[in-house]
Amino acid sequence: MIKNKQVRKAIIPAAGLGTRFLPATKAQPKEMLPIVDKPAIQYIIEEAVQSGIEEILIITGRNKRAIEDHFDRAFELEMTLKAQGKYDLLGLIEEIPNVAIHYIRQKEAKGLGHAVLCAKQFVGNEPFAVMLGDDIIDAEVPCLKQLMQVYEDCPGTILGVQEVAQEKVSSYGVVKPKVVKERLWQAVDLVEKPTLEEAPSRLAVLGRYIIEPEIFALLETTEPGRGGEIQLTDALRKLAQVQPVYAYEFEGRRYDVGDKQGYLEATVEFALKRPDLREGFLRYLKKNWGELVNGGEK
Ligand code: UTP
């Protein structure tokens with residue numbers, strides 16, 4: 001029985017190996033790669049806080065200590081900046097959200113489903129959000145908040161989706177949709193990384209979820225699926241057979257920053273949106289554009 005509870009907790013799985021971003025991710029988490037001057041995971045935490053999340057659990061793995069250090073106080077640095085009167089730089093450190101963040105280690109990267117299962121104790125018996133650090137969403141209303149607004153009217157599991165190009169469907173979990181209303185579908189089935197022929201639509205699940213706690217019992221019995229990993233999509237499929245699972249097409253520009261092309265797009269577009277960087281960066285691009293696109297040929 002689904003009760004319309006408030007979504008207070010968010011899980012950020014960050015224990016993946018980040019192989020698409022090697023060699024940068026050999027010894028550091030991909031979630032710490034900066035988009036302009038902020039680590040990717042800080043954008044995610046900011047979105048969570050702006051959406052009203054009160055407690056966050058980051059699922060970490062090997063080489064993830066930098067994440068814990070980033071969200072901890074750095075007394076020595078703060079005192080040095082204060083002593084030097086560099087209050088503008090101090091401000092940048094103080095902007096890092098001060099929210100309750102907990103950590104748990106996923107000892108082996110056995111898949112996203114397994115990472116979410118590691119949060120069972122933390123979540124307890126309430127709906128929770130899952131936010132993937134690979135997906136940075138630039139939106140007027142924070143993406144998770146959009147999902148929460150849908151959840152108020154339609155309690156159940158809500159998957160954040162957007163249409164992707166046909167040739168990209170095989171990179172995502174894809175929804176078999178049944179229309180509910182504008183931008184909202186019931187996910188009657190889901191397929192993880194389908195081939196073009198298998199894909200039931202072009203609606204791909206893009207890194208934001210509100211999930212009912214009944215998922216944990218299903219994850220516990222989910223066998224390794226595609227890629228030998230315990231897939232969250234497989235457990236969501238089972239959930240969709242017993243509870244409403246919705247797919248909501250959120251508004252906003254989404255960047256896949258776990259992929260080199262997506263990372264570069266995010267870096268350029270975020271830099272151009274920054275008042276302190278825009279003018280100089282644009283001047284540089286305009287001046288050098290011809291040379292840049294001709295691969296260095298004059
Ligand atoms: P991805 O498949 O995109 O992450 O998982 P990955 O495995 O790190 O990346 P590539 O494909 O090798 O480059 C989606 C999210 O799930 C987390 C990842 O950290 C990422 O945020 N994840 C994945 C875990 O926390 N544990 C896992 O076992 C697998």
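What follows is calculated from the coordinates using simple rules that are stated; it is not laboratory data. Being a predicted model, the structure only gives us computed values, none of them experimental. So basically every Cβ, Gly included, is an ideal-geometry build from the backbone, and we count neighbours across all protein chains shown.
For the reader, a short list of remarks on this structure follows.
- DSSP finds beta bridges in the chain, and of those with both partners inside it, around 55 percent are antiparallel.
- Vicinal HN-Hα couplings computed from phi for the stretch 46-57 (Karplus, 6.51 cos²θ - 1.76 cosθ + 1.60; Hz; Gly/Pro x): 4, 4, 4, 5, 5, 8, x, 5, 9, 9, 10, 10
- About its Cα centre, the stretch 109-155 has a charge dipole of approximately 360 debye under the convention of +1 per Lys or Arg Cβ and -1 per Asp or Glu Cβ, with nothing else charged.
- Antiparallel bridge percentage (DSSP; both residues within the stretch 143-285; nearest 5): 75
- Ranked by the mean number of other Cβ atoms within 10 Å per residue, highest first, peptides 110-120, 173-183 order as 110-120, 173-183.
- Length-normalised contact order of the chain in % [C-alpha pairs under 8 Å, at least 6 apart]: 22
- Stretch gain in nm, segment VAL293-THR80, where the contour uses 0.36 nm per residue and the Cα spacing is subtracted: 72.4 nm
- Sequence-distant lysines (8 or more away, or on other chains) whose Cα lies within less than 28 Å of LYS181: LYS3, LYS5, LYS9, LYS145, LYS168, LYS193, LYS238
- GluC sites (Glu not before Pro) within the stretch 116-164: DSSP coil, no more than 11 neighbouring Cβ in 10 Å: GLU140
- Tilt relative to the chain, helix 143-153 - C-alpha long axis, 0 to 90 degrees, to 10: 30
- Segment HIS102-THR267, extension gain: residue separation times 0.36 nm, minus the distance between their alpha carbons: 56.6 nm
- Ordering of 14-23, 88-97, 280-289 by burial proxy (mean other Cβ atoms within 10 Å per residue, highest first): 14-23, 88-97, 280-289
- Neighbour net charge for LYS286 - beta-carbon separation under 15 angstrom, K R +1, D E -1: +1
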